[in-house]
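Chemist: Dropping the structure in here first, questions after.
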Amino acid sequence: MKSSFSSCIEKIIPFHEAKNVSQKVRSSQKIVFTNGVFDLVHKGHLTYLSQARDLGDVLWIGINSDSSVKRLKGPERPVNPEEDRALLLSCLSFVDYISVFSEDTPLELISQIAPHIHVKGGDYDLEALPETPLVRKLGGEVKILPFVPGFSSTDLIRRIRQKP
């Protein structure tokens with residue numbers, strides 16, 4: 001019998017294996033994909049991810065690599081390394097797969113997975129997303145979920161750093 005921890009680790013799919021895993025899954029199940037930094041997981045993330053999972057059969061999360069987080073968020077981020085972020089999210093029961101990507105946007109990973117639905121939070125503009133044209137070209141759709149007010153990793157980190 002597998003331990004729960006090893007089951008979590010098995011959900012982490014290396015980038016170079018994403019296409020093969022996706023092809024096996026997508027013929028019989030609807031893949032929902034989302035992406036982000038997820039360096040401090042909070043209630044807003046959990047709400048968002050569970051809502052995303054409800055849109056399909058499989059939830060696949062793309063996590064920005066440490067190098068891409070530094071480019072996007074600055075040299076003091078991420079708070080936690082990519083391996084820890086991937087493992088933490090993979091242990092959530094409603095998450096099926098996790099892959100780390102090194103680009104600033106998940107375009108290459110989306111090309112490999114070809115999700116049926118790509119989900120982003122309410123603070124994004126559907127037509128301004130760089131992923132929207134690719135997802136549509138691959139036959140998928142992009143959905144924006146409602147913003148969960150009061151939860152922002154950037155604000156949380158700022159508040160922690162301001163404390164004496």
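The values are calculated or read from the model by the stated rules, or taken from the named source; none is laboratory data. Because the structure is a prediction, the values reported are computed rather than measured. No Cβ is skipped: glycine too gets one built from the backbone with ideal geometry, and neighbour counts run over all protein chains shown. Only protein heavy atoms, including side chains, enter the accessible area calculation; ligands, DNA and RNA are left aside. Shrake-Rupley method; radii C 1.70, N 1.55, O 1.52, S 1.80 Å.
Chemist: If I go through the stretch 18-34 residue by residue, how many of them are in a helix (DSSP H, G or I) and loosely packed, with under 12 Cβ neighbours inside 10 Å?
Modeler: Qualifying residue count for the region: 2.
Chemist: Which condition does PHE5 not pass, out of (1) outside any helix (DSSP H, G or I); (2) open to solvent by 80 Å² or more (accessible area, probe 1.4 Å), if it passes all the others?
Modeler: Condition (1) is where PHE5 drops out.
Chemist: Name the residues in the stretch 77-94 that are in contact (Cβ under 8 Å) with a residue 12 or more places away in the chain and farther than 19 Å from VAL21 by Cβ, would you?
Modeler: If the condition is that a residue be in contact (Cβ under 8 Å) with a residue 12 or more places away in the chain and farther than 19 Å from VAL21 by Cβ, then ARG77, PRO78, VAL79, ASN80, PRO81, ARG85, LEU88 are the ones that fit.
Chemist: Now, a different point. Answer yes if at least one residue in the stretch 35-42 is open to solvent by less than 40 Å² (accessible area, probe 1.4 Å), outside any loop (DSSP other than H, G, I, E, B) and at pLDDT 95 or above, and no otherwise.
Modeler: yes
Chemist: Grab the strands (runs of 3 or more DSSP E) fully contained in the stretch 77-149, keeping just those with 2 or more residues being of a type in the set (D, E, K, R).
Modeler: 141-144
Chemist: Check PRO106 against each of (1) open to solvent by less than 10 Å² (accessible area, probe 1.4 Å); (2) free of Cβ contacts under 8 Å to residues at least 60 places away in the same chain and name the one condition it does not meet.
Modeler: (2)
Chemist: Pairs, please: C-beta under 6 Å, at least 6 apart or cross-chain, first residue over 22 Å from LEU107 (Cβ atoms) and surrounded by fewer than 16 Cβ atoms within 10 Å (Cβ to Cβ) and in the stretch 43-64, second at pLDDT 95 or above and of a type in the set (D, E, K, R)?
Modeler: From residues that are over 22 Å from LEU107 (Cβ atoms) and surrounded by fewer than 16 Cβ atoms within 10 Å (Cβ to Cβ), the pairs are ASP57/LYS30.
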